[in-house]
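This report refers to the structure that appears directly beneath it.
The values are calculated or read from the model by the stated rules, or taken from the named source; none is laboratory data. Since the structure is predicted, the reported quantities are computational estimates derived from the model, not experimental observations. A quick note on method: Cβ atoms are made from the backbone with ideal geometry, for glycine too, and the neighbour counts reach across all protein chains shown. Just so you know, the surface numbers come from the protein's heavy atoms only, side chains and all, with ligands and any DNA or RNA stripped out. Shrake-Rupley method; radii C 1.70, N 1.55, O 1.52, S 1.80 Å.
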Amino acid sequence: MRIQKKSFLLILIVVLFLSNANKSIAQSAKTPIINNDHLTMAVLYQQRAAECKALYYQAFNLAQMMLDKDLANKKLKGKRAVVVDIDETVLDNSPFEAKMITQNAKYPDDWYVWTSLAKAKALPGAAEFLNYAANKGVAVFYVTNRTEKEMAITLKNLKEQNFPMADTLHLIPKKNESSKENRRLKIMEKYRIVLLAGDNLTDFSAVFDKTSLETRDAKTTELRSEFGKRFIVLPNAMYGDWEGAMYKTDTSRTKPELRKSLLKDF
Ligand SMILES: [Mg+2]
């Protein structure tokens with residue numbers, strides 16, 4: 001009886017091992033090789049170019065000047081608010097992008113591994129500007145397309161990086177829609193938004209929601225007087241809606257082919 005039991009267990013272990021081995025072979029055969037080499041220069045720009053750091057300082061210096069101008073105007077009514085995006089606006093996720101290149105990681109799967117660490121660093125000038133605004137009695141809202149399940153860890157990350165008003169009242173995640181328009185309108189029921197900061201044009205206005213490369217370009221020209229005034233733009237060469245808009249121009253091509261075809265040479 002004891003021998004029978006032992007052989008049964010042995011067979012079970014062998015069967016389980018073989019089925020798992022088959023599964024991993026089948027999976028690796030199905031999983032395409034993820035090549036993110038095209039991201040290398042973009043990530044290096046964000047991480048190593050002091051010019052990129054200078055652009056962040058420039059943007060938040062400008063934001064402070066515009067806020068000061070607004071604060072000095074005693075005729076303006078209503079509670080003031082500043083609205084900022086999180087990723088690549090106040091928190092630096094370039095280590096995740098770097099990992100996608102070095103480890104062939106995939107968005108969005110490994111994104112949650114990264115955000116769960118709560119290790120993103122504050123971008124240059126971001127925490128200083130937002131603390132300046134908060135100290136002047138201005139409400140700070142973080143309107144992000146991070147999801148609700150990432151909220152607790154995002155608050156931890158923001159607090160550890162010394163951001164003000166990092167609480168559930170001021171952090172507004174994505175619920176049903178990527179567009180931030182309804183979330184902005186909700187804030188505007190109680191506040192006057194002095195300025196918005198973001199690395200993606202959809203952080204500013206609904207006219208950029210789900211639009212083509214051409215429309216994004218044309219609307220940017222139309223709204224040119226808002227940039228550097230009410231709209232404070234941060235640099236992000238790594239990803240954004242600009243990239244998605246590019247890929248929709250010709251779905252018959254592979255992404256590397258398409259990227260090359262969109263270059264403007266002479
Ligand atoms: Mg962003």
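Couple of notes before you dig in:
- Cβ-Cβ distances below 8 Å connect the following pairs, each with a first residue in the range 72-89 that is on the phi > 0 side of the Ramachandran plot, a second residue that is away from the ligand (no atom under 16 Å from the Cβ), and a separation of six or more residues or different chains: Gly78/Tyr191; Gly78/Arg192.
- Only one of the listed residues (Thr202, Thr221, Thr251) is among the polar types (S, T, N, Q) and in contact with a helix residue (DSSP H, G or I) (Cβ under 6 Å, 6 or more places away or on another chain). That residue is Thr202.
- Screening Pro108 with (1) within 24 Å of Gln47 (Cα to Cα); (2) touching a residue at least 24 places away in the same chain (Cβ under 8 Å); (3) open to solvent by 30 Å² or more (accessible area, probe 1.4 Å) gives one miss only, at (2).
Matching residues to (1) more than 16 Å from the ligand (Cβ to nearest atom); (2) loosely packed, with under 14 Cβ neighbours inside 10 Å; (3) in a helix (DSSP H, G or I):
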residue: Met238; (1), (2), (3): no, no, no
residue: Ser252; (1), (2), (3): yes, yes, no
residue: Lys260; (1), (2), (3): yes, yes, yes
residue: Asp265; (1), (2), (3): yes, yes, no
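- One residue stands out among those in the range 111-154 that are among the aromatic types (Phe, Trp, Tyr) and surrounded by 21 or more Cβ atoms within 10 Å (Cβ to Cβ): the one that is farthest from the ligand (Cβ to nearest atom), which is Phe129.
- Pairs meeting the criteria (first residue in the range 174-200 and farther than 18 Å from Leu71 by Cβ and part of a strand (DSSP E or B), second residue at pLDDT below 95 and within 14 Å of the ligand (Cβ to nearest atom), beta carbons under 7 Å, at least 6 apart or on different chains) are lacking.
- Applying the condition of being part of a helix (DSSP H, G or I) and charged (D, E, K, R) to the range 224-236 and asking which residue is surrounded by the most Cβ atoms within 10 Å (Cβ to Cβ) yields Glu226.
- Looking across Asn157, Asn176, one residue alone is at pLDDT below 95 and not small (Gly, Ala, Ser). It is Asn176.
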